[in-house]
Amino acid sequence: MEQEKREIVLDVEEVPKVSQWITLSIQHLFAMFGATVLVPFLVGLSPGVALVSSGLGTLTYLLITKGQIPAYLGSSFAFIAPIIAAKALGGPEAAMFGCFLAGLVYGVVALLIKKVGLRWLMNLLPPVVVGPVIIVIGLGLAGTAVNMAMYENPGAPADQLVYSSTHFMVALITLGVTIVCSIFMKGFMKLIPILIGIMAGYCTGLAVGIVDLSGVKEAAWFQMPEFLIPYVTYEPIISWEVGLVMVPVAIVTLAEHIGHQLVLSKVVGRNFIQKPGLHRSILGDGAGIVIGSFIGGPPLTSYGENIGVLAITRAFSVYVIGGAAVTAISFGFIGKISALISSIPSAVMGGISILLFGIIASSGLRMLIDNKVDFGKNRNLIIASVILVIGVGGAFVKLSEAVSLSGMALAAIVGVILNLVLPGKEVVKDIFEQEKDINHSA
């Protein structure tokens, strides 16, 4: 414990010197930047608004957790397919209603955890359910990534897609650089392979002539982001069909949140699950999602990349995280930056997405392995198999002419039901029992 204390550069509540503050905050900004702007790029929302939403959400999170958890919130990949589906049902307005509902789910779960503890959630969403659903989330986006990499017009109908070897080459170069950086880079550089890959792909795109810089030239330096504010820029659309698409995914991403809190606790050497409490961190995340839904931003989640930065720098100060959040907000109002992000060719984002969506699927597989899920038991094999085929196969249940339950939402619900009704269910160890390991090691 004493050795660990000596290694800490900045403790959680410690205020850094100005030079340290700027440098460390920029590192966190770089770590989250590529992934945070990729989500709005894929779903057709404003990257500038996503940056503002990310910054505001992080500051809100720090406030709700009493400045005791150094976590940065960025755009969540798990909600890419649900947002696209929600937009198809009612445009961005409907998607924002779905994001609002997702934030409310976090609030309700936080309240329940505060009142009755966490065991109920762990039994509702054990690894045998959450792992396959995460795999479905990643594999369900595979077609989107490949289309962006291979075609000039990835959003066109299937019979109108135009194959381009040039675009595919740019995508593969982007993918290759990102992989090389992930494997061979050291220190902080190893934590920003997405950003480096995007930069390499963008330069390649410039060289082969698929980058349009006209928007960057025309954009003002200071420019108001394209906020979507209810009753100001649009009339809200209340759609329970959208709720059925978004809410099941929100329940699953709560498991991701818990996992990040466990990792963060081990990195910092403090028990964040107990103090300030998991209910506060979940409430902070949910509040950030709700705030984003009021301005047109995607749902947020804590970022593993930023946890990695903490582990390398040993600078755990929440003031550094807050500095990154303020910088992200300011970047959202710089028109040139938003226009530059929008000018990134789809092939570049396709190359990045091939890796990122695969990592999402692989992380679901890793959850199954880490938790030693025994597929020799028919119960576990059946649950995982049904979730995977329903989710990847695109099965849907039509509840009415206007309302249907499909894709990963249906897969998640079926998985939860099977886990509850099939015999032989194992009792999941309480999260606070797991945390004894953290206290012991600290």
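The values are calculated or read from the model by the stated rules, or taken from the named source; none is laboratory data. Everything quoted here is computed from the prediction, not taken from an experiment. Cβ atoms come from the backbone with ideal geometry, glycine included; neighbour counts cover every protein chain shown. Areas reflect the complete protein model, heavy atoms only, side chains present, ligands, DNA and RNA absent. Shrake-Rupley method; radii C 1.70, N 1.55, O 1.52, S 1.80 Å.
What to note about this one:
- Pairs exceeding a 19 Å alpha-carbon distance, out of K217/K336; K17/K186; K377/K425; K372/K425; K66/K275: K17/K186.
- Per residue, the solvent-accessible area of region 320-431 (1.4 Å probe, heavy atoms of protein chains only, all protein chains present) comes to 46 Å².
- What the phi angles of region 374-385 give under the Karplus curve with 6.51, -1.76 and 1.60, with θ = phi - 60°, is a coupling list of 8, 7, x, 8, 4, 4, 5, 4, 5, 4, 5, 4 Hz, glycine and proline written as x.
- Solvent exposure of region 23-110 amounts to 23 Å² per residue of accessible area, where only protein heavy atoms count and the probe is 1.4 Å.
- Residues of region 96-114 with amide N under 14 Å of the 7 Å Cα→Cβ point at I238: 97-98, 101
- Here the Karplus curve 6.51 cos²θ - 1.76 cosθ + 1.60, taken at θ = phi - 60°, turns the phi angles of region 86-100 into couplings of 5, 5, 5, 7, x, x, x, 4, 5, 4, 5, 5, x, 4, 4 Hz, with x standing for Gly and Pro.
- Charges were assigned to the Cβ only: +1 to each Lys and Arg, -1 to each Asp and Glu. The resulting dipole of the chain about its Cα centre is roughly 880 debye.
- Accessible surface of region 59-156, 1.4 Å probe, proportion on carbon and sulfur as whole %: 69
- When a 1.4 Å probe is rolled over the protein heavy atoms, the share of accessible surface on region 269-396 that falls to carbon and sulfur comes to 67 percent.
- A simple packing score, the average count of other Cβ atoms within 10 Å per residue, orders the peptides 347-359, 50-62 as 50-62, 347-359, with the highest score first.
- The label point for N378 and the one for I229, both projected 7 Å from the Cα toward the Cβ, are 6.0 nm apart.
- Surface exposure of region 218-288, expressed per residue as accessible area with a 1.4 Å probe, stands at 46 Å².
- Label separation (S385 vs E13): 5.5 nm, computed from points 7 Å beyond Cα along the C-beta direction.
- For the chain, with +1 on Lys and Arg beta carbons and -1 on Asp and Glu, the positive-most of V49, P193, N380 along the dipole: N380
- Per-residue extension of 0.36 nm, minus the Cα-Cα distance of K398 and Y163, leaves a gain of 81.1 nm for this segment.
- Rule-of-thumb Rg ratio for the chain [Cα; 2.2 N^0.38 Å; N residues]: 0.96
- Taking each residue as 0.36 nm, the span from R366 to I84 lengthens on full extension beyond its C-alpha to C-alpha distance by 98.9 nm.
- For region 166-208, the share of accessible area belonging to carbon and sulfur comes to 83 percent (1.4 Å probe, ligands and nucleic acids excluded).
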